[in-house]
1. How far is helix 67-84 tilted, in degrees, relative to the longest principal axis of the Cα atoms in the chain, given as a value from 0 to 90 rounded to the nearest 10?
2. Please report the spacing between the Cα centers of segment 274-322 and segment 4-20 in Å, no decimals.
3. Is any residue of segment 242-277 close enough, with backbone N under 16 Å, to a label point placed 7 angstrom from the Cα of residue 308 along the Cα-Cβ axis, and if so, which?
4. Treating the angle as unsigned and between 0 and 90°, give the value, to the nearest 10°, between the Cα long axis of helix 300-312 and the longest Cα principal axis of the chain.
5. Running Debye on segment 4-65 with equal point scatterers at the Cα sites and no solvent, what base-10 log of I(q)/I(0) appears at q = 0.14, 0.18 Å⁻¹?
6. For each of 285, 261, count neighbouring Cβ atoms within 10 Å of the residue's Cβ, then give the residues from fewest to most.
7. Normalised radius of gyration for segment 158-216, please: alpha carbon Rg relative to 2.2 N^0.38 Å, two decimal places.
8. Which angle between 0 and 90 degrees, to the nearest 10, do you get for helix 110-125 versus the longest principal axis of the chain when only C-alpha atoms count?
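Quick note: the coordinates plus some simple rules give every number you see, no bench work behind them. Worth saying up front: this structure is predicted, and the values here are computed from it rather than measured. Positions of Cβ are backbone-derived with ideal geometry, glycine not excepted, and every protein chain shown enters the neighbour counts.
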């Protein structure tokens, strides 16, 4: 989806359309969860501090997030996907991989399917989407970013290697700023230059990721689309408009966070054994405190005593700007039925 959270807010509030908006945060504190394309022109990005975003774009409008609404539209979009294939692997509320190898409705090509899906998304939700079509998940992911917003890119089998050789290294999915800088120091700026280094060199300098880089630059990826991805944790975080200094204020905030975490546990039909409290201090250092118990729990009455113990085990050294509670080591109460293997029919890209 194109700038999903921000686009939903503009869809629901016509006064925001065409204006630079940021979802989440405030003018003084917090972090931008999403930015409209109008805001991105000024350099505003997700995960950027609200203060920096406001400096980059003085006209920036901050709006609160509405996750229930995002989930509602995400569910609509997922139903559209499932019309074309059962093999849908969500990455987040606004992104998914689809394996359309089985030509369920007799389309001429995978490119045609992508165009039809994007058209239906717009007709049924009023939002635009972009798509990448190729031979594996890595290539499709790269393709989806090329003609954003509201576009698509097909990278055919014969085009994969030439495309990768000319692709800038910082465009490779999975290569962050630090890794790109490290590669640049060895004269690696594109796929062709990456390809000149043997597997031994890449593993020596990048560990397991070295094998990944060696394969993907050659168009090799065997990761299947997995429709039954199981979430590993459920939790809630809150960034405060003002730092919390007093333990009483911190506990009051954690109480509300625990209530919301219980709601999310019930909604996800999960229970967990490991309770984690996340604390971000005013100097942006992050600390996590965890405890694993014997039973699976999902209720606040069981979670809260552990949270108290974790908070009280060590003094909080600095004012607090963010708190979070999560449960991991999950037991899923309602597992999805596995998708059976079906005969796969090939067709054009």
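1. 30
2. Here the two parts' Cα centres lie 36 Å apart.
3. Only 247-259 fall inside the zone, counting backbone N under 16 Å.
4. Value to nearest ten degrees: 70.
5. Ignoring solvent entirely, the Cα scatterers give -0.28, -0.47.
6. Details: 285 10, 261 26.
By the 10 Å Cβ count, ascending, the order reads 285, 261.
7. Numbers: Rg = 10.5 Å, N = 59, 2.2 N^0.38 = 10.4 Å.
Against the empirical 2.2 N^0.38 Å value, I get 1.02 for segment 158-216.
8. 40
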